[in-house]
Amino acid sequence: MLLVPTPAIATTMTCISLCQAPCREPLCCCASTLCICPAQMYMRHKVLNHVNPGSGWSDYKCCQGYFGGCCCLQPGKMGESTCPVPCMCLEACICIGPAVSATSNVVREKYQLGLDEDDVRLIRCSNCLFYFSVILSCVASCTDCEGDDALASVVNCISDVVFLTVAGCMTAQVNHEMALKDNGASPVREMMHR
């Protein structure tokens with residue numbers, strides 16, 4: 001599940017929307033869709049060093065502290081300072097959605113960027129499919145109907161594909177923003193025509 005935390009003050013929008021990301025950053029989009037865990041580890045390191053050059057992993061916290069912990073699992077207090085790479089590996093493998101969202105949010109917060117309305121819709125659609133998939137799986141496990149297992153499997157597969165695609169586009173969007181900032185370009189919003 002992807003989360004949509006937004007910066008407190010969004011003065012401009014990202015230079016490309018999630019819909020434009022596959023065309024503008026096709027290699028990054030495909031690589032991060034197909035190899036999401038290593039891509040998120042790489043992107044988090046790249047983002048942290050973009051925001052604070054030369055910092056390595058020293059600024060790493062679980063989900064960068066954007067999503068509060070629960071019980072004894074509190075970001076910044078789980079050994080991230082002593083072994084950040086294994087912690088990021090666990091985050092990328094176990095909490096993929098929050099990992100993608102946190103990486104995106106670091107860049108958006110740094111440059112006070114907001115999300116396009118279509119971006120928010122895509123993320124919400126992905127999340128709704130995820131919840132629908134979970135509900136259907138629960139119903140399928142509680143009933144004896146033959147078709148409900150197949151339906152739950154199909155919806156689960158669709159949900160996974162949509163999630164991976166949106167996460168790949170979000171990663172490509174972040175990569176594009178950093179490349180523009182590194183080249184000194186200021187964001188210019190393009191209008192999408194339908």
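In segment 50-59, the count of residues that are open to solvent by 30 Å² or more (accessible area, probe 1.4 Å) and of a type in the set (Gly, Ala, Ser) is one or more.
Applying the set (1) within 23 Å of Pro26 (Cα to Cα); (2) open to solvent by 70 Å² or more (accessible area, probe 1.4 Å); (3) part of a loop (DSSP other than H, G, I, E, B) to Gly184 leaves exactly one unmet item: (2). Does Ile158 meet the test of being crowded, with 16+ Cβ neighbours inside 10 Å, of a type in the set (Val, Ile, Thr) and closer than 26 Å to Glu25 by Cα? Considered against the rule, which asks whether it is crowded, with 16+ Cβ neighbours inside 10 Å, of a type in the set (Val, Ile, Thr) and closer than 26 Å to Glu25 by Cα, Ile158 comes out as no. Inspect segment 64-81 for any residue being under 24 Å from Thr14 (Cα atoms) and not in a loop (DSSP other than H, G, I, E, B) and give the result as yes or no. The answer is yes, given that some residue of segment 64-81 is under 24 Å from Thr14 (Cα atoms) and not in a loop (DSSP other than H, G, I, E, B).
For beta carbons closer than 8 Å, sequence separation of 6+ or different chains, a first residue in segment 73-90 that is under 16 Å from Gly56 (Cβ atoms) and a second that is surrounded by 13 or more Cβ atoms within 10 Å (Cβ to Cβ) and of a type in the set (Lys, Arg), the qualifying pairs are Glu80/Lys61; Met88/Arg44. With respect to the stated conditions, Arg108 fails to be out of contact with any Ser or Thr (no Cβ under 8 Å at 6 or more places or on another chain) and not β-branched (Val, Ile, Thr).
Pairs meeting the criteria (first residue in segment 148-175 and among the hydroxyl-bearing types (Ser, Thr, Tyr), second residue open to solvent by less than 10 Å² (accessible area, probe 1.4 Å) and assigned to a helix (DSSP H, G or I), beta carbons under 6 Å, at least 6 apart or on different chains) are Ser159/Ser133; Thr171/Ser32; Thr171/Met43. Val47 meets the conditions (1) open to solvent by less than 30 Å² (accessible area, probe 1.4 Å); (2) in contact with a Gly (Cβ under 9 Å, 6 or more places away or on another chain); (3) modelled with pLDDT of 95 or more in every case but one. The failed one is (2).
Results for (1) out of contact with any Ser or Thr (no Cβ under 9 Å at 6 or more places or on another chain); (2) in a helix (DSSP H, G or I); (3) surrounded by 14 or more Cβ atoms within 10 Å (Cβ to Cβ), shown as yes or no for each residue.
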| residue | (1), (2), (3) |
| --- | --- |
| Ala99 | yes, yes, yes |
| Thr103 | no, yes, yes |
| Asp119 | no, yes, yes |
| Leu129 | no, yes, yes |
| Cys138 | yes, yes, no |
| Ser141 | yes, yes, no |
| Ala152 | no, yes, yes |
| Val162 | no, yes, yes |
| Val166 | no, yes, yes |
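Tell me which residues, restricted to segment 60-70, are farther than 15 Å from Cys89 by Cα and either aromatic (Phe, Trp, Tyr) or open to solvent by less than 60 Å² (accessible area, probe 1.4 Å) (or both). Hits for segment 60-70 are Gly65, Tyr66, Phe67, Gly69.
The values are calculated or read from the model by the stated rules, or taken from the named source; none is laboratory data. Because the structure is predicted, anything quoted here is derived from the model rather than measured. No Cβ is skipped: glycine too gets one built from the backbone with ideal geometry, and neighbour counts run over all protein chains shown. Side chains included, ligands, DNA and RNA excluded: accessible areas come from the protein's heavy atoms. Shrake-Rupley method; radii C 1.70, N 1.55, O 1.52, S 1.80 Å.
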